[in-house]
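The structure appears below as structure tokens.
A short reminder: the numbers here are calculations on the coordinates, not readings from a lab. It should be emphasised that the depicted structure is a prediction, and the values quoted were computed from it without experimental measurement. No Cβ is skipped: glycine too gets one built from the backbone with ideal geometry, and neighbour counts run over all protein chains shown.
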Amino acid sequence: MEERSGPLGQPYSRDELWAESHHVGLALENGPIDRLRRDVDRLAVEIGPRNIYHYEALQKAADHLETSLRETGYSPLLHRYETQGKAFFNISAELPGRQHKDEIIVIGAHYDTHKDSPGANDNGSAIAALLELARHFVGRPMRRTLRFVAFTNEESPFTRRKAMGSRVYASECRRRRDNIVGMICLETIGCYSEEIGSQWLSFGGLFLPRRGDFLALVANPASRNLLRQVSATLEQNTALRIRPVILPTHSPGAWSSDHWSFWREGFPALMATDTAPLRYRYYHTGEDTPDKVDFVWLSLVVSSFYPVVAGLVVCH
């Protein structure tokens, strides 16, 4: 599948992205860009590193997410579990479907960070996007149920282990026999660069584009249909440049975030990412701060997922 690009196949410039963001109704002040910036600042600056090593900060982040969702008009649920002598919380909020309530679309992102990293991009950018999507869809009638979930404990020492927040949650969904027909994992989505060579693992553009100006969509073979639908919606309705990729379930890179937990339980899922360490030079460092996040790009990513989510839940 081809990447989305500008006229004559040239990549969109940052100015064109800015123009596109205005076209879809974004505003610099008191609008989505401003809200995205405030949410990232709250997590990365006011709260800072948040994980088992910074446990109090992790709880503050959970409180912030619960409050934000409640103020938006949801009734969030806290899913508590214990490991290593401490309590941790996944946080969910949903809009019940009207015609097909039992069919569930999950939009998820993890809110913890790697060790001492403030986590502005990984994963503050995705949590800010999740909150903005939740704001956009609140009160809208839809056929399917839309569920937003903020996961704890995606990072070390829990990655791919039983106490990983999304593994605990996805296992609960399987035990409840939740009919999850699609899951989108938002993972590190705030880095954008038009510089040639800014994208690693490009292999001269054969595998990935040489510029870090696209969003990667990663699915496993069992999630092919979900990937096809999401990609088609983005290509037909937005200016967002994408690169859909299908990888084996247990391959490095494919199993690096919360979508993998849903693959393990047999649910179709995909990861939307700026490719994290393959582009973002501050990944898992103390320099992952809000000034490194491109909020114009982030706002375009968020607005581009409005028609994606609407198509999946079939908004009226």
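Annotations
- In region 233-249, the residues that are among the hydroxyl-bearing types (Ser, Thr, Tyr) form Cβ pairs under 8 Å with partners that are surrounded by 19 or more Cβ atoms within 10 Å (Cβ to Cβ) and assigned to a loop (DSSP other than H, G, I, E, B), at six or more places apart or across chains, as follows: 238/4; 249/220; 249/255.
- Residue selected from region 181-196 under the condition in contact with a Pro (Cβ under 8 Å, 6 or more places away or on another chain) and either among the polar types (S, T, N, Q) or outside any loop (DSSP other than H, G, I, E, B) (or both), by the criterion surrounded by the fewest Cβ atoms within 10 Å (Cβ to Cβ): 181
- Enumeration of residues in region 45-66 that are surrounded by 17 or more Cβ atoms within 10 Å (Cβ to Cβ) and among the aliphatic types (A, V, I, L, M): 47, 52, 57, 58, 61, 62, 65
- Total residues in region 266-297, condition under 10 Å from residue 121 (Cβ atoms) and outside any loop (DSSP other than H, G, I, E, B): 3
- Region 278-294 residues that are touching a residue at least 12 places away in the same chain (Cβ under 8 Å), paired with ones that are of a type in the set (Phe, Trp, Tyr) and in a loop (DSSP other than H, G, I, E, B) (beta carbon under 7 Å, 6 or more apart): 278/200; 279/200; 288/282; 292/282; 294/192
- For the residues 224, 161, the requirement of being touching a residue at least 12 places away in the same chain (Cβ under 8 Å) and charged (D, E, K, R) singles out 224.
- Within region 252-277, residues that are touching a residue at least 24 places away in the same chain (Cβ under 8 Å) have Cβ atoms under 6 Å from residues that are outside any loop (DSSP other than H, G, I, E, B) and of a type in the set (D, E, K, R) in these pairs: 257/187; 261/167; 265/174; 271/187; 273/187, counting only partners at least 6 apart in sequence or on another chain.
- Selection count where residues are in a helix (DSSP H, G or I), more than 13 Å from the chain's Cα centre (by Cα) and buried (at least 22 other Cβ atoms within 10 Å of the Cβ), scope region 121-148: 0
- Residue ID - farthest from residue 165 (Cα to Cα), chosen from residues in region 199-258 that are among the β-branched types (Val, Ile, Thr) and part of a loop (DSSP other than H, G, I, E, B): 238
- Scanning region 83-113 for residues that are of a type in the set (Gly, Ala, Ser) and within 30 Å of residue 53 (Cβ to Cβ) yields 85, 87, 92, 93, 108, 109.
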